[in-house]
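Participant: What follows is a structure written as structure tokens; I'll ask about it next.
The values are calculated or read from the model by the stated rules, or taken from the named source; none is laboratory data. Remember, it's a predicted structure, so these values are computed and weren't measured experimentally. Cβ sites come from the backbone with ideal geometry, for glycine too, and all protein chains shown count toward neighbours. Side chains included, ligands, DNA and RNA excluded: accessible areas come from the protein's heavy atoms. Shrake-Rupley method; radii C 1.70, N 1.55, O 1.52, S 1.80 Å.
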Amino acid sequence: MSPLLRMGMLAASTFYPSMCMGFGCNACGVTGCRIIDSPRERLIAMLTNAFAPCNGRFPLLIFLCTAFFAGSAMGGALLLTVVVAGSVLLTLVASRLLSATVLRGIPSSFTLELPPYRVPQAGRVIIRSVRDRTIFVLGRAAAVAAPAGILIWLLSNITIGDTSVFSHLTECLDPFAQIFGLDGVILLAFILGFPANELVMPLMVMGYLASGTLADVTDLTSFQTLLLSNGWTACTALCTLIFTVAHWPCSTTCLTIWKETRSVKWTLAAILLPAVCGFVLCFLAHSICTLAGIP
């Protein structure tokens, strides 16, 4: 193994635990980066944690993998595994690029020291977990969820010329989104889903139905029919799948990054890095589909 590759793998191994936490919640994954001693590698881990799809993105990933590509639950599970593995690879590539450019340095070794085993104190563990982690993250989420909910309601219920502001925004975004294989509704759903990734699917339904409230998407068959009737193709689904994995982190994660770094610059970098990667990958996928004649 070459020294360069060995250095890259050694640097990446230090943030595997925080990356794994990001599959549950990226905000918790960013908080988990505190276990990394090196400030440089801790920052790399925080900047790339958004590439790990959190549980808020999994419903859309599962639907796209099953409905548009696999055709069955088993095939969808296999494709989802490939997507998750791809997100890990994307994390490693982005981390390697950061460590070779703006955050150069000598990788440190990662040592996990096992403390002496003690009988767990269930009550103390539960209280500490609820106080230091659950309430901590939920408090930050609530700080941005309420204003975002008000904004979504205003955009969908205020009309200009018998058309909601939400619809006007989708029309404005549509030409730009088409470059990346998306449409205005998809892009606006991701933008307004900034407070929580769970909002993206209901926002898409609200946009396509032109309704003033977030719609229930428990019936995935009806959701698929709705998407197909609004011009979705295999290329659209592929680009949406890619953008679901690689786009800006949610507001709670961004606030957590700012709390951990106390730097607006690195918080903006954590937003731009996955977003730029997502747009570039979507553009490449859309271009390949166009050249190959895939609708």
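Participant: Pull up the range 197-212, narrow it to residues that are at pLDDT 85 or above and either in a loop (DSSP other than H, G, I, E, B) or β-branched (Val, Ile, Thr) (or both), then point me to the one that is nearest to Pro59 (Cα to Cα).
Facilitator: Within the range 197-212, the match that is nearest to Pro59 (Cα to Cα) is Val200.
Participant: If a residue has to be among the small types (Gly, Ala, Ser), farther than 18 Å from Pro195 by Cα and under 12 Å from the mean Cα position of the chain (by Cα) to count, how many in the range 237-279 make the cut?
Facilitator: The total comes to 1.
Participant: Identify all residues within the range 186-200 that are open to solvent by less than 10 Å² (accessible area, probe 1.4 Å) and either over 12 Å from the mean Cα position of the chain (by Cα) or among the hydrophobic types (A, V, I, L, M, F, W, C) (or both); write none if there are none. Break it down stepwise before answering.
Facilitator: Narrowing the range 186-200 to residues open to solvent by less than 10 Å² (accessible area, probe 1.4 Å): 186-190, 193, 200.
Passing the criteria: Ile186, Leu187, Leu188, Ala189, Phe190, Val200.
Participant: If I ask for residues that are part of a loop (DSSP other than H, G, I, E, B) and surrounded by 14 or more Cβ atoms within 10 Å (Cβ to Cβ), which ones from the range 215-269 would you list?
Facilitator: First, pick out the residues of the range 215-269 that are part of a loop (DSSP other than H, G, I, E, B): 215-219, 230-233, 246-250, 262-263.
If the condition is that a residue be part of a loop (DSSP other than H, G, I, E, B) and surrounded by 14 or more Cβ atoms within 10 Å (Cβ to Cβ), then Ala215, Val217, Asn230, Trp232, Thr233, Ala246, His247, Trp248, Pro249, Cys250 are the ones that fit.
Participant: Looking at (1) touching an Asp or Glu at 6+ places or on another chain (Cβ under 9 Å); (2) within 22 Å of Gly86 (Cβ to Cβ), which is the one condition that is false for Ala292?
Facilitator: The number of the failed condition is (1).
Participant: Condition test on Leu61, is it under 22 Å from Trp248 (Cβ atoms), surrounded by 17 or more Cβ atoms within 10 Å (Cβ to Cβ) and at pLDDT 85 or above? Walk me through how you get there before you give the answer.
Facilitator: Numbers: under 22 Å from Trp248 (Cβ atoms): yes; surrounded by 17 or more Cβ atoms within 10 Å (Cβ to Cβ): yes; at pLDDT 85 or above: yes.
When the stated conditions are applied, Leu61 passes them.
Participant: Among the residues of the range 36-72, which ones are part of a helix (DSSP H, G or I) and polar (S, T, N, Q)?
Facilitator: Across the range 36-72, the qualifying residues are Thr48, Asn49, Thr66.
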